[in-house]
Each structure stands twice: as C-alpha cells, then as structure tokens.
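I have placed the structure first, in the form of structure tokens, so that the comments after it can refer back to it.
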Amino acid sequence: MSTYLLPNSHTLEKVIQESLETTPQKGVLQGTRRLTKGRSGKRIVFFPSIKNNALMPCESRLEADNCLDLEFDSSVVSYRTQPFTIDLGANKSYTPDSIHENKLGGIVVREVKFSGALANAELLDRLDKIRSILSKASIEFIVLTENNLQLPPRINNYKFLYRCSHQKYDEMLIEYAIGILDRLPSPCSLRELRHQCNKSNLPPLIADSLLFLGLASYDENQVLTPDSLIWKAGRES
C-alpha cells in the first residue's frame, strides 16, 4: 500500500477499509511495510493470530504483546499491523503499529512505545499531530506501553491460555467439557478438570480452552497454573 498525503475523512476511511480487507499471502498478513526475519536492527516477530487466521508481522516483542491483547479483547472483530502510511509533511510519515475494528463499527489506531520514549517532547508533539489527524475522521488513537501490555499476572495468563488457542474443538465436545465442569465441585482445580476430561476420552487441554473461550472463569489477579481454581462462567467463585 502506498503513502498517503494528509487525508480527508472519506479518503482515510477508504484507506482503513482497504487495510482491514487485506488478505494473507502465504499465511502472512503483511502491512504497508513488508517485514521479514533478519531485518537489520529489528527484532521481527510473527504473531500467530486466531482472529485473523494469519501470522501478523511485528517489529518488537512489545508489538507482539499488543496483538496478544487484541486477541483477548472481546470487543475486537479484526485487526491489522502496519496497516497504512500517511504523510505528515516535512519528509515525515506515520505508520500505525496496529488498527482494529470493534463490534460497534468503531475504528481504533494503537501506537506501541516503551514508556521511556514518551519523555521525548518531539515524539509527544508528533503523537499529538497524529491524534489530531485521526480524530477528524472519528478514529480513536491510543498509545500503549509495557505498563499496559506486559503487566503481570495478566500477560502471563494470556500467554498460558493462548498456547492452546489454535486447537479447535467442535461444539459438541465443548458442551461435553462444560457438562463435566458442571458436575465437579465448584470451584475445582484446572488440573482436576483436565483429569476428568481425560477420563472421559476428551483431550485434557480442552479444559484450558474453556478458559480461553470465556466459558470458565478464574481469579485474574493470580497467576494461572494447573493448580488454579476455576469455575463455570457466570457462577460465583
């Protein structure tokens, strides 16, 4: 995708729609800047997105953690990384780290920075200019740092659950697993639910999938482990 001059809202909306409609090439959803492994001075991470059914190129681990956060945000329909570039003038341009659409049809641009970088006055002025451009098209602009995206225990729990997220189970097996959870004392340990699922000839990690899908709950203020107590969603702990 090309670089765009300062757009009016109609043009910017069209650019955004094009970026959200981009399809994977060989399993990768490249943005306006093609990111590949081995790029000099960059730690390129390919995040395996379930919502987009593709690998999402990211320029840092923090940007990959932004993708992880978007995966767990139930309001997010789909998202793209490095989606488009706009010309800010004076030989400067801007490419968002991510853009997403929510269930209400709203568009949100996310910029990901390490908190130390935000002490730079020039950068803050640049971010204010970008916010002003996007606000004219009713696009929300938010800046996130490691203090938002890498807070324990949430980041630990997201990574714990996301490892099993690519395993797909049909609806009947999910309902069977929920039935097993229903019959166990509430709360029970994740380990016990795994054990009972295994005894019923279900894959043990379907228990983790209930948590990932929001069908079972746990104490989000504690690090999630096999010994954590869980319960059916909607019940009191």
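Computed quantities for the displayed model
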| quantity | calculated |
| --- | --- |
| Filter result (within 21 Å of Asn102 (Cβ to Cβ), without any contact (Cβ under 8 Å) to a residue 12 or more places away in the chain and either out of contact with any strand residue (DSSP E or B) (no Cβ under 8 Å at 6 or more places or on another chain) or crowded, with 16+ Cβ neighbours inside 10 Å (or both)) within segment 126-147 | Arg131 |
| Residue in segment 60-72 that is among the small types (Gly, Ala, Ser), surrounded by fewer than 18 Cβ atoms within 10 Å (Cβ to Cβ) and under 17 Å from Arg131 (Cα atoms) present | no |
| Matching residues, segment 163-187, being in a loop (DSSP other than H, G, I, E, B) and closer than 17 Å to Pro226 by Cα | Arg163, Cys164, Ser165, Leu184, Pro185, Ser186, Pro187 |
| Test for Tyr79: is it of a type in the set (Phe, Trp, Tyr) and surrounded by fewer than 22 Cβ atoms within 10 Å (Cβ to Cβ) | no |
| Of all residues making up segment 206-219, the number that are at pLDDT 95 or above and either over 20 Å from Gly234 (Cα atoms) or surrounded by fewer than 16 Cβ atoms within 10 Å (Cβ to Cβ) (or both) | 1 |
| Filter pass, Gln222 being outside any strand (DSSP E or B) and surrounded by fewer than 16 Cβ atoms within 10 Å (Cβ to Cβ) | yes |
| Restricting segment 1-30 to residues that are over 16 Å from Asp87 (Cα atoms) and of a type in the set (Gly, Ala, Ser), the residue that is modelled with the highest pLDDT | Gly27 |
| Residues that are outside any helix (DSSP H, G or I) and touching a helix residue (DSSP H, G or I) at 6+ places or on another chain (Cβ under 8 Å), drawn from segment 188-198 | Cys188 |
| Which numbered condition Leu118 fails, given (1) touching a residue at least 12 places away in the same chain (Cβ under 8 Å); (2) outside any helix (DSSP H, G or I) | (2) |
| Unique match (being within 30 Å of Lys129 (Cβ to Cβ) and not hydrophobic (A, V, I, L, M, F, W, C)) among Asn157, Asn148, Asn201 | Asn148 |
| Unmet criterion (only one of (1) of a type outside the set (A, V, I, L, M, F, W, C); (2) out of contact with any strand residue (DSSP E or B) (no Cβ under 8 Å at 6 or more places or on another chain); (3) assigned to a strand (DSSP E or B)) for Glu111 | (2) |
| Hey, Ser132 part of a loop (DSSP other than H, G, I, E, B), under 30 Å from Thr11 (Cα atoms) and among the polar types (S, T, N, Q) or not | no |
| Residue among Asn102, Asn66 that alone is at pLDDT 95 or above, among the polar types (S, T, N, Q) and within 22 Å of Gly214 (Cα to Cα) | Asn66 |
| Residue among Ile174, Ile230, Ile180 that is free of Cβ contacts under 8 Å to residues at least 60 places away in the same chain, under 16 Å from Tyr158 (Cα atoms) and among the hydrophobic types (A, V, I, L, M, F, W, C) | Ile230 |
| Single residue of segment 27-73 satisfying the filter (in a loop (DSSP other than H, G, I, E, B) and polar (S, T, N, Q)) that is nearest to Ser115 (Cα to Cα) | Ser60 |
| Search result, residues across segment 92-107 that are of a type outside the set (Ser, Thr, Tyr) and more than 13 Å from the chain's Cα centre (by Cα) | Lys92, Pro96, Lys103, Leu104, Gly105, Gly106, Ile107 |
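The values are calculated or read from the model by the stated rules, or taken from the named source; none is laboratory data. Being a predicted model, the structure only gives us computed values, none of them experimental. Using ideal geometry, Cβ is built from the backbone for each residue, glycine included, and neighbour counts are taken over all protein chains shown.
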